[in-house]
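Written below as structure tokens is the structure these notes are about.
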Amino acid sequence: MVVLIKEETAMKKIKQLLAAALAATLAVFCALPAFAAGDDDLVMSNCDSTAYWSANSQGADALESDAVNKTEGSGSVGATAAGGKLNQIAYIPDQPVDVSKYSFLEFDVYFSDLTWFSDCGSVMIELTSSGTCDKESNRYMKKTIRSFLENGVVEGKENWWHFVLELDNPQGTANGQLNKSNFNYFRFYTVDPITTTPDYTMRFDNMRFTNNPENYTPMEEEEEDSATASEAAKPVQITREDPNAAVVKNLHTVVLIEGIALGVIGLVALVLAGWLIIGKIRKAKGESGHE
Ligand SMILES: [Ca+2]
């Protein structure tokens, strides 16, 4: 009888200990920064309609809507570049959009053929806050685009790539940098092809401002290619030094640290519980033996 009462007391203490260990675990878990719980994305365009889009190839309207070849929703928008020359495809909203709380613009892009990439003398994605090109302009050229053509393949979607542009760390700028509180202009173009450059079709889809881009690996610093050498006079920043990219990388570290912390606390609780059980049982048996 005495043994039973002592075992009940021991179990009560073990339960209290486990509850304390659980509380400590939760406290540690909640105290760690939750980088993953970022702000919601802001859709720039779901590309299901051609609203605010325009395109020009070789002087002709080239804008196309595609209900079949898409990665999201009911469609994508794009153009066919005759002879590889796409003067521009542009998205110009009727009102400026405040994207100052976001660090990235990400989207999916389709190219039926990539011959234009090596053929065209000038290739660019541009974001501005001036409502037009070449002013308050963030620029992303061959070096940036190549990194996503090489590393950003969208699985299960042939000839689609996922692009992630760093808003605070463009490859270049022109007449000031994008004012993120006043975004109102996006364009892509490929010009100066050679005579043998074939037509290509391109599509955009699922364009969104975000702080948590998908499948994103910051670019490695590399030597300049011939096409970007002409951009040498413009400020070129190193993508991997961007603090926001570091935050994305830190997410993996935080998850790892949380896992290790939980594991260690759980192990300590188990050892303590085991030690207490054995101690109490031995003590109870000892006292029982004396009675
Ligand atoms: Ca869509």
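The values are calculated or read from the model by the stated rules, or taken from the named source; none is laboratory data. Since this is a predicted model, take the numbers as computed values, not measurements. Methodologically, a virtual Cβ is constructed for each residue, glycine included, from the backbone with ideal geometry; neighbour enumeration extends over all protein chains shown.
Residues of the stretch 36-83 that are within 10 Å of the ligand (Cβ to nearest atom) and either assigned to a loop (DSSP other than H, G, I, E, B) or among the basic types (Lys, Arg) (or both): ASN46, CYS47, ASP48, SER49, ALA67, LYS70, THR71, GLU72, GLY73, SER74, GLY75.
Please work out if LYS101 is more than 16 Å from the ligand (Cβ to nearest atom), assigned to a loop (DSSP other than H, G, I, E, B) and not polar (S, T, N, Q).
Details: more than 16 Å from the ligand (Cβ to nearest atom): yes; assigned to a loop (DSSP other than H, G, I, E, B): yes; not polar (S, T, N, Q): yes.
So LYS101 fits the description; yes.
Looking at the stretch 109-125, is at least one residue within 16 Å of the ligand (Cβ to nearest atom) and either part of a loop (DSSP other than H, G, I, E, B) or among the hydrophobic types (A, V, I, L, M, F, W, C) (or both)? Yes, because at least one residue in the stretch 109-125 is within 16 Å of the ligand (Cβ to nearest atom) and either part of a loop (DSSP other than H, G, I, E, B) or among the hydrophobic types (A, V, I, L, M, F, W, C) (or both). Of all residues in the stretch 170-186, exactly one satisfies the criterion of being more than 16 Å from the ligand (Cβ to nearest atom) and within 14 Å of GLU106 (Cα to Cα), namely PRO170.
May I ask you to verify whether THR132 is modelled with pLDDT of 95 or more and away from the ligand (no atom under 16 Å from the Cβ)?
On the way: modelled with pLDDT of 95 or more: yes; away from the ligand (no atom under 16 Å from the Cβ): yes.
Spelling it out, THR132 is indeed modelled with pLDDT of 95 or more and away from the ligand (no atom under 16 Å from the Cβ).
State yes or no: is PRO198 in contact with a helix residue (DSSP H, G or I) (Cβ under 9 Å, 6 or more places away or on another chain), in contact (Cβ under 8 Å) with a residue 24 or more places away in the chain and surrounded by 21 or more Cβ atoms within 10 Å (Cβ to Cβ)? For PRO198, the condition - in contact with a helix residue (DSSP H, G or I) (Cβ under 9 Å, 6 or more places away or on another chain), in contact (Cβ under 8 Å) with a residue 24 or more places away in the chain and surrounded by 21 or more Cβ atoms within 10 Å (Cβ to Cβ) - is not met.
If only residues of the stretch 204-217 that are more than 15 Å from VAL153 (Cα to Cα) and assigned to a loop (DSSP other than H, G, I, E, B) are counted, the one that is modelled with the lowest pLDDT is ASN212.
Pairs linking a residue in the stretch 69-84 that is basic (Lys, Arg) to a residue that is within 16 Å of the ligand (Cβ to nearest atom), with Cβ atoms under 8 Å and 6 or more positions apart or on different chains, are LYS70/CYS47; LYS70/SER76; LYS70/ARG203; LYS70/ASP205.
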